[in-house]
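Structure record follows, encoded as structure tokens.
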Amino acid sequence: MNLLRESSLALVGQLMDAMKSVSGVDVAVCPPNVYLQDVGNALKGSNIALGSQNCYHAGEGAYTGEVSCAMLKDVGCGYVILGHSERRTLFGETDAMVNEKLKAVLQAGLTPIVCVGETLAQREAGETQKVVRGQCTGSLAGLTAEQMAKTVLAYEPVWAIGTGKTATPAQAEEVHADIRSLLTSLFGADVANKVVIQYGGSVKADNAAELLGQPNIDGALVGGASLKADSFMAIVNAAAAIKK
């Protein structure tokens, strides 16, 4: 919940200019819902996609204050973030609720970005694997292999979001590799290897290259560093350099 209309449009204008010379990296921005139409219109013809920070699982009806997948698609969204740690911790979203939304997003033909991650207390208690695997299993319940292949996952340790703390590349890779292993057991190796698993947790210009260079870290879900074009593009450029 940052930036207003003019500052949002100024930011995407800078990003569009900078992205003209970048290839081989998928980039999307996910502004608040009230600015989706304006930002989407500004992005037309560019190589930056549009996404929403959330959605509701029902297609239509008396759900005051909620936004459906059809509405998001109507204003040009290609992606929807689901189960972000702030949605889980501040608004009580459960794995079952994320699962409902996930199925709706896939049915609408949008690409979901499903977030999972442990708190500091859970990590210190040695429960990271248990918590993350549980969130994955619950959030992805009932998906076919074909649906899983179209789903993006984002590992975002709650203790590293907005705190300035970052999981070390080794810590992040360990969890990403375990998620990939879980996906292999649930959906098969071919599907597991296709799934993009992003890392989200204080990704910045100075740590992006090392994080994105890990074998099982396929991208980044960027928070604070996405609010300024220079810091965000440094992450994009780090990703582009790795792919070449």
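The numbers here are math on the coordinates, done by the rules we state, and not lab data. On a predicted model such as this, the values are computed, not experimentally measured, just so you know. Here the Cβ positions follow ideal geometry from the backbone for every residue, glycine too, while neighbour counts run over all protein chains shown.
DSSP H helices in the chain with Cα extent of 15 Å or more along the helix axis and mean Kyte-Doolittle hydropathy at least -1.0?
5-19, 95-107, 128-139, 169-187, 229-243
Find how much the distance from residue 100 to residue 120 grows on full extension, using 0.36 nm per residue of separation minus their present alpha carbon separation; answer in nm with one decimal.
Additional length available on full extension: 4.5 nm.
If I model a spin label as a point 7 Å beyond the Cα along the Cα-Cβ vector, how far apart are those points for residue 228 and residue 10 in nm?
So the two model labels end up 1.4 nm from each other.
Place +1 on the Cβ of every Lys and Arg and -1 on the Cβ of every Asp and Glu in the chain, take the dipole about the Cα centre, and give the residue among 102, 62, 219 whose Cα lies farthest towards its positive end.
Positive-end residue among those listed: 219.
Taking segment 133-186, how much of its Cα-Cα pair set, in percent, is spaced more than 16 angstrom apart?
Summing the P(r) of segment 133-186 above 16 Å gives 48 percent of all pairs.
Sum up the charges of everything whose Cβ sits under 13 Å from the Cβ of residue 181, counting Lys and Arg as +1 and Asp and Glu as -1, but leave residue 181 out.
On the way: positive: 133, 180; negative: 173, 174, 178.
Spelling it out: positives minus negatives among the neighbours equals -1.
Quick one: of 165/204; 20/73; 150/204, which pairs are farther than 19 Å apart, Cα to Cα?
20/73; 150/204
Within a Cβ distance under 13 Å of residue 51, other residues only, what is the Lys/Arg minus Asp/Glu net charge?
With Lys, Arg at +1 and Asp, Glu at -1, the neighbours total 0.
If you average the C-alpha positions of segment 135-193 and of segment 41-57 separately, how far apart do those two centres end up, in angstrom?
Each part reduced to its Cα centre gives a spacing of 23 Å.
Quickly estimate the mean residue ellipticity at 222 nm for the chain, helices only: each DSSP H run with n ≥ 4 gives -39500 (n - 2.57), and the total goes over all residues, rounded to 500. Please list the in-between numbers first.
Working: 12 runs with 116 residues, N = 244.
Estimated from H runs of four or more residues: -14000 deg cm²/dmol.
Nothing charged except the Cβ atoms of Lys and Arg (+1) and of Asp and Glu (-1): what's the magnitude of the dipole of the chain about its Cα centre? Round to the nearest 20 debye. Present the calculation step by step, with values, prior to reporting the outcome.
Working: 19 positive and 24 negative charges, 60 e Å.
The calculation lands at about 300 debye.
Show the residues, 5+ positions off or on another chain, whose built amide H is closer than 5 Å to the amide H of residue 82.
Those lying under 5 Å, H to H, from residue 82 are 113, 114, 115.
Please work out the Kirkwood hydrodynamic radius for the chain, using every pair of different C-alpha atoms, and report it in angstroms with one decimal place.
Details: mean 1/r = 0.0549 Å⁻¹.
It is 18.2 Å.
What full-extension length gain, to one decimal in nm, is calculated for residue 242 and residue 75 as 0.36 nm per residue of separation minus the Cα-Cα distance?
Length gained, residue 242 through residue 75: 56.9 nm.
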